[in-house]
C-alpha cells in the first residue's frame with residue numbers, strides 16, 4: 001500500500017458514516033471497533049447510530065454531525081480504553097434505518113394441503129413481498145448481536161425465514177378451517193383475508209425485535225400447472241355431479257353425452273348442434289333418473305292389487321252398447337262419435 005493510500009485511510013478513520021454502497025440497507029455495521037476521540041460521525045436524517053459493547057447498547061445518536069468527545073457525549077466515557085490515555089474508545093457502531101423499506105421479497109413451499117372440494121392433497125407455494133420498518137432500533141441490534149447476525153444480509157435472511165414460517169402456518173390453517181377451494185385461493189380470491197391473518201400472526205414474532213411489517217404486496221399462493229389442470233377437471237366433475245343429483249346420475253349423463261358426440265362425429269355439418277343436444281340429453285336423462293329415484297324413495301309402498309279382468313266383448317257388442325247409452329242420454333253426441341270411431345278401427 002502506497003503512502004497516499006495510507007494518508008487516505010487515516011483521513012477516513014477521522015470520519016464515520018454509513019457507506020454509500022449501504023444506503024439502502026436496514027442495518028449497517030461500521031467495520032472498525034477502535035474509534036479515535038474527536039472523530040466526526042454523520043448520521044443521516046432517516047437513521048440512528050447505536051454504540052454497542054458486550055452485547056449492550058451504551059448510547060444512541062440521532063441525525064446530524066457529531067464530534068465524538070466525552071465532553072459533549074457523556075456515554076462515550078463508558079467506552080474508553082484506559083491503555084490509550086483516553087484518546088480512543090472501543091465499540092461496535094450500528095447505523096439503523098427507521099424509514100419504511102418496501103419490496104422485500106420472500107417465498108417458499110407451504111407443503112401439501114388437502115383441497116376440500118376434491119379431497120386431493122396438493123403441494124402449494126407462496127411468494128410475494130412486504131415492507132418493513134424498525135420501530136425500536138435498540139431491540140433490533142441487541143437481538144441480532146445476540147444471535148450473531150450483524151450484517152444486513154444475515155438480518156434479512158433470518159427475517160424472511162420468520163415471514164415464510166408464519167405465512168406457511170397461517171395459510172395452511174386458513175385453508176383447513178375455512179375450507180376454501182384451492183382453485184379459489186390460487187386465483188387470488190382470498191388475498192386480503194390471508195394478508196390480514198398473516199400480519200396478525202407475524203406481530204408477536206417481530207415485536208420483540210422492535211420491527212413492524214407495514215404491509216404485504218404481490219402475495220400469491222400457487223400450485224404446479226399439472227395439479228391445476230387436475231383440480232379443474234375434478235372440480236368440474238364435482239360441480240356437474242351436484243347439478244345432476246349425484247355421481248351415478250352424472251355418470252349416466254356423461255354416457256349419453258359421449259353417445260351424442262359419437263353421432264356428431266359421424267354426421268355432417270351439425271357437430272355443434274349434436275353436441276349441444278347430447279349435453280342437454282345427458283343432463284336431462286341424469287335429472288330424470290334423479291327425480292325418479294327421489295320419487296321412489298319418498299312414495300310409500302302401495303299394496304299389490306289384482307289385475308282387472310280382460311274385456312271379452314266384441315267390438316260389435318260394444319258398438320251396440322254405446323248406441324244404447326247414447327239413446328238413453330248417458331253419452332253426448334261428441335262422446336258417442338269418439339267412442340264409435342275407436343271401435344270401428346277394431347272391426
Handout entry: Checklist (1) surrounded by fewer than 18 Cβ atoms within 10 Å (Cβ to Cβ); (2) modelled with pLDDT of 90 or more applied to residue 151, failing item
Key = (2)
Exercise for the section: Tell me, yes or no, whether region 31-50 has at least one residue that is in contact with a helix residue (DSSP H, G or I) (Cβ under 8 Å, 6 or more places away or on another chain), in contact (Cβ under 8 Å) with a residue 60 or more places away in the chain, outside the structural domain of residue 165 (by TED's automatic domain parsing) and assigned to a loop (DSSP other than H, G, I, E, B). Expected result: no
Problem - Odd one out for residue 254, checked against (1) more than 25 Å from the chain's Cα centre (by Cα); (2) modelled with pLDDT of 90 or more - result: (2)
Practice task
Of all residues in region 165-189, count the ones that are crowded, with 16+ Cβ neighbours inside 10 Å and more than 21 Å from residue 227 (Cβ to Cβ).
Solution key: 2
Handout entry: Any chance residue 214 is touching a strand residue (DSSP E or B) at 6+ places or on another chain (Cβ under 6 Å), surrounded by 15 or more Cβ atoms within 10 Å (Cβ to Cβ) and at pLDDT 85 or above
Key = no
Practice task
Determine whether region 106-117 contains at least one residue that is surrounded by 16 or more Cβ atoms within 10 Å (Cβ to Cβ) and out of contact with any strand residue (DSSP E or B) (no Cβ under 8 Å at 6 or more places or on another chain).
Solution key: yes
Exercise for the section: Provide a single number: the residues in region 121-140 that are farther than 19 Å from residue 219 by Cα, surrounded by fewer than 15 Cβ atoms within 10 Å (Cβ to Cβ) and in contact (Cβ under 8 Å) with a residue 12 or more places away in the chain. Expected result: 1
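Hey, can you tell me all the residues within region 10-28 that are over 37 Å from the mean Cα position of the chain (by Cα), in a strand (DSSP E or B) and buried (at least 16 other Cβ atoms within 10 Å of the Cβ)?
Within region 10-28, 16 is the sole residue that qualifies.
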Practice task
Determine whether residue 50 is over 20 Å from residue 144 (Cα atoms) and under 52 Å from the mean Cα position of the chain (by Cα).
Solution key: no
Exercise for the section: Quick one: in region 179-197, of everything that is touching a residue at least 40 places away in the same chain (Cβ under 8 Å) and outside any helix (DSSP H, G or I), which residue is nearest to residue 123 (Cα to Cα)? Expected result: 181
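The values are calculated or read from the model by the stated rules, or taken from the named source; none is laboratory data. Here the structure is a predicted model, which is why all the values come from computation and not from measurement. Quick reminder, even Gly has a Cβ in these numbers, built from the backbone with ideal geometry, and neighbours come from all protein chains shown.
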